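Taking it in order: structure first as structure tokens, then the write-up.
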Amino acid sequence: MDDTARGAATALRSAPACRLHREGPPPAGPGLLATVHHGDAATPPELVAGVPRVRLRVSADAAAGFTETWTAPGTVHSGRSGGMVFAHTDEHLFLAGHLPRGDRCARAVAVAYSAAFELVLSLGFPRLVRMWNLVRGINDTRSGTEVYRAFCAGRAEAFDRHRARGLGMPAATAVGALGGGIGFHLLATRSAGVTHLENPRQVAAYRYPRRYGPRPPSFSRATWLQPDPVEPGRGVLYVSGTAGILGHESVHPGDARRQCDVALRNIAVLIGRANTARHGIAAGFTPTDLRSVRVYVRHARDLDAVRARCALALDPAADVVFVVTDLCRRELLVEIEAVAS
Ligand code: 3EB
């Protein structure tokens, strides 16, 4: 291969890229896989001019909204199936679905997530990379079981059904939403290298003890995507929503500032070279490498304190958005997700 051909091949073997736009949706460009609006209205996912569009209601305040775009190099094909929408290049897939309001029991989640995993596999993208779950009334216990716990039970069943076909648990986020029932979207890849990471400071979520619910959450702490086998150090590390949890226990109840510091420290250890090396990854990161940072804060009154703690740890040039929303455990006040590359 000459240099030009190698350059083109390398450009094609890139990870999907995320950008956060605070000034409204950007114009559609080449390689656009999807737009995800985080605003004041929720609608089921749809195709708009052939591009999947997800609208999540995460804030009562429209001015606090932002738009997330996902792009990938190459020709994009999109489609619909069973209420889900998807777009993919030869290498990467974005897929979104939703459960209507009221459908938040374990059974409904198991059915919907199984259908999503079936679609992912039938489209030929068996390696899950990243998943987001937005759950209305996530801490609601009126049905007798907290919605998040029912959600985890259903999701675990869907993963159980697909484990034998090689579907691993990817990096994920599960947070509250104000509209819709449950909205989910995911990234998957056809053949790029995918490594799921755990954090030595935390018990693997899928091994949490029973006191947190009948079935544990199904996610890994981060997923490393390495698009090109001949460039092992080049890739993207997708960091799950990370909270002030040590072992399996939430720490510093009632103290958002200290929970934020623990979450940032958890991320530092997770992405640091000692941990990536333990997982066989030829790159290591520090918090100043983080981009597309999303900070979920339960109470608006904690925003200033959390912003200040994040400013100390992150690169001033990093794109950071703050979202006020409920988190999966009642006592958690802060959760942080990001991407490192
Ligand atoms: C935790 O570590 C905090 O259920 O998909 C973070 C990221 C959390 C993802 C999920 C939950 C999930 O347990 C909560």
Next item on the list: Within segment 106-146, find all residues whose amide N lies under 20 Å from a label point positioned 7 Å from the Cα of Arg19 along Cα-to-beta-carbon.
Entry: none
Notebook entry, point to check: With the calculation restricted to Cα positions, what are the radius of gyration and Dmax of segment 188-229 in angstrom?
Noted result: 13.4, 42
Margin query: At a threshold of 8 angstrom on Cα-Cα distance, excluding pairs fewer than six apart, so keeping six or more, what relative contact order does the chain reach in percent?
Written below: 15 percent
Notebook entry, point to check: In whole angstrom, and with the biggest value first, how far do the Cα coordinates of segment 141-240 range along each principal axis?
Noted result: 53, 31, 27
Margin query: If I take R0 = 35 Å and measure r between the Cβ atoms of Ala164 and Glu249 in this structure, what FRET efficiency does the formula 1/(1 + (r/R0)^6) give, to the nearest 0.05?
Written below: 0.60
Margin query: Only bridges whose two residues both fall in the chain count here: according to DSSP, what percent of them are antiparallel, nearest 5?
Written below: 75 percent
Next item on the list: Work out the length of the dipole vector of the chain about its Cα centre, built from +1 on the beta-carbon of each Lys and Arg and -1 on the beta-carbon of each Asp and Glu, and round it to the nearest 20 debye.
Entry: 940 debye
Notebook entry, point to check: Between the DSSP loop rule and a limit of at most 16 other Cβ atoms within 10 Å, which GluC sites (Glu not before Pro) in segment 286-341 are left?
Noted result: Glu331
Notebook entry, point to check: Considering only protein heavy atoms and a 1.4 Å probe, what is the carbon-and-sulfur percentage of the accessible area of segment 52-95?
Noted result: 45 percent
Item checked: Rel. contact order, % - alpha carbon contacts under 8 angstrom, at least six apart, segment 290-341 -> 61 percent
Check: Once the whole set of protein chains is in place, how much accessible area is left on His98, using a 1.4 Å probe, in Å² to the nearest 10?
Finding: 70 Å²
Next item on the list: Putting +1 on Lys and Arg Cβ atoms and -1 on Asp and Glu Cβ atoms, find which of Val120, Val54, Asn199 reaches farthest to the positive end of the dipole of the chain.
Entry: Asn199
Checklist line | Convex hull volume per residue in cubic angstrom - Cα atoms of segment 66-187 | finding: 102 Å³
Next item on the list: Find which of Gly183, Gly74, Pro45 sits farthest along the positive direction of the dipole of the chain, computed with +1 on the beta-carbon of Lys and Arg, -1 on that of Asp and Glu, about the Cα centre.
Entry: Gly183
Item checked: Taking the convex hull of Cα positions in segment 212-341, its mean projected area over all directions (nm²) -> 8.3 nm²
Margin query: Compute the distance from the alpha-carbon center of segment 179-205 to that of segment 261-337, in whole Å.
Written below: 16 Å
Check: Which value, to two decimals, describes the C-alpha radius of gyration of segment 164-210 once divided by 2.2 N^0.38 Å?
Finding: 1.48
Item checked: Loop trypsin sites (Lys or Arg not before Pro), segment 251-313, which have at most 15 other Cβ atoms in a 10 Å radius of their Cβ (DSSP) -> none
Notebook entry, point to check: Measuring with a 1.4 Å probe in the full set of protein chains, what accessible area per residue, in whole Å², belongs to the chain?
Noted result: 41 Å²
Note to self: Using amide H atoms built in the peptide plane, which far-off residues or other-chain residues are under 5 Å from Tyr208 H to H?
What the structure shows: none
Item checked: Value of [θ]222 nm, deg cm²/dmol, for the chain, DSSP H segments ≥ 4, -39500 (n - 2.57) each, nearest 500 -> -7000 deg cm²/dmol
Checklist line | Kirkwood estimate for segment 49-134, i.e. one over the average of 1/r between Cα atoms, Å | finding: 14.5 Å
Margin query: Taking θ = phi - 60°, what integer Hz values does the Karplus form 6.51 cos²θ - 1.76 cosθ + 1.60 yield along segment 239-256, in sequence order, with x for Gly and Pro?
Written below: 9, 4, x, 10, 10, x, 10, 10, x, 10, 9, 5, 10, 6, x, x, 10, 4
Notebook entry, point to check: Got a number for carbon plus sulfur as a percent of segment 140-214's accessible area, 1.4 Å probe?
Noted result: 49 percent
Checklist line | Student exercise, segment 257-336 dipole from Lys, Arg, Asp, Glu Cβ charges, in Debye to nearest 20 | finding: 220 debye
Notebook entry, point to check: Taking the alpha-carbon centroid of each part, what is the distance from segment 40-113 to segment 151-171 in angstrom?
Noted result: 19 Å
Checklist line | Cleavage-rule hits, trypsin sites (Lys or Arg not before Pro), segment 30-126, DSSP coil, Cβ neighbours within 10 Å at most 14 | finding: Arg101
Checklist line | Given charges at beta-carbon only (K, R positive; D, E negative), |dipole| of segment 53-136 in Debye | finding: 360 debye
Note to self: Please state the shape class of the chain: rounded when a/c is under 1.5, otherwise prolate if a/b exceeds b/c and oblate if not, all from the C-alpha gyration tensor.
What the structure shows: rounded
Next item on the list: Identify, among Pro217, Leu314, His299, the residue whose Cα sits farthest towards the positive end of the charge dipole of the chain, taking +1 on the Cβ of Lys and Arg and -1 on the Cβ of Asp and Glu, with the dipole about the Cα centre.
Entry: Pro217
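The values are calculated or read from the model by the stated rules, or taken from the named source; none is laboratory data. Fair warning: this is a prediction, and the values are worked out from it, not measured in the lab. Neighbour counts are summed over all protein chains in view; Cβ atoms, including those assigned to glycine, are modelled from backbone coordinates with ideal geometry. Calculation scope for accessible area: heavy atoms of the full protein, side chains included, ligands and nucleic acids excluded. Shrake-Rupley method; radii C 1.70, N 1.55, O 1.52, S 1.80 Å.
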